[in-house]
1. Roughly how tilted is helix 46-67, in degrees to the nearest 10 and between 0 and 90, from the longest Cα axis of the chain?
2. If you place +1 on the Cβ of every Lys and Arg and -1 on the Cβ of every Asp and Glu, how big does the dipole about the Cα centre of the chain come out, in debye to the nearest 20?
3. State, to one decimal in nm, how far the label point of Lys41 lies from the label point of Leu189, with both points 7 Å from Cα in the Cβ direction.
4. Taking only C-alpha pairs under 8 Å that are 6+ residues apart, what is the relative contact order of the chain in percent?
5. Using a 7 Å offset from Cα along Cα-Cβ at His21, what residues in the stretch 110-153 end up with backbone N under 12 Å from the label point?
6. Roughly how tilted is helix 3-18, in degrees to the nearest 10 and between 0 and 90, from the longest Cα axis of the chain?
7. Computed FRET efficiency, Cβ-Cβ of Thr67 and Asp30, R0 35 Å: what is it to the nearest 0.05?
8. Name the residues whose placed amide hydrogens come within less than 5 Å of the amide hydrogen of Phe153, ignoring near sequence neighbours (fewer than 5 apart) on the same chain.
Amino acid sequence: MNTKSRILDSALTLFSEKGYHSVSVAEIADAVGIKAPSLYKHYKSKRDIFNGILSEMQTRYEKQTATLQMNGSNAAVDADIFSSVSEDTLIQMGIGLFTYFLHDDYVCRFRKMLTIEQFHNAELTTLYTKQYTDDPLSYQSRIFSMLGTCGLFRPANADVMALHFYAPLYLLLTLCDREPAREPEALQLLEQHIRQFNQIYKKENAQ
């Protein structure tokens, strides 16, 4: 791991333990084993480091969704993919993303940081809401709207469908964050949730 990556990794660890606001650049440099002036050769400020963490998060997410044969951000692309996969494949994709968010150490530390900092930093509160509520719901609403238009799902409010689909996933994710031993139970419920969601919304003659 090069110095730039070590800076991001050490900073994220500290942010996840103490919160973003409470960590100084000097602490990050000390955790990396370098002096602050050396750190500034790689990043201009603590905010620059944070932006680097955001960029790394996006890169990791794109790599993960690519392994699942999906885009993960472009609803039009993914709606086309989801319209042609079986229910079992959809479940595999759902479990793949769920376990990625649950077990990827980088992602877990990032989520922990935002969980802590949401009570202290208005900007990070907004980011937390965007990352784990607004963006997922908007993305899934667009997908369900497109799948409804093409006749795969029964006519329904796409925003409510997104809420029905996503809220249990996020609830199970936070449950496993607190109680890791309940992951097998969560994965079983996740599969049952996806199957029942299809029973409720998918047209009987849709493939």
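Throughout, read-outs are computed from the coordinates displayed, never taken from laboratory work. Note that the structure is predicted; figures quoted are calculated from it, not measured. Cβ coordinates were reconstructed from backbone atoms using ideal geometry, including for glycine residues, and neighbour counts include every protein chain displayed.
1. That helix lies at roughly 30 degrees to the long axis.
2. My answer is approximately 540 debye.
3. 5.0 nm
4. On the way: 174 pairs, mean separation 43.2, N = 207.
The normalised contact order for the chain reaches 21 percent.
5. The answer is 116-125, whose backbone nitrogens lie closer than 12 Å to the label point.
6. 80 degrees
7. 0.45
8. Hits under the 5 Å cutoff: Gly148, Lys203.
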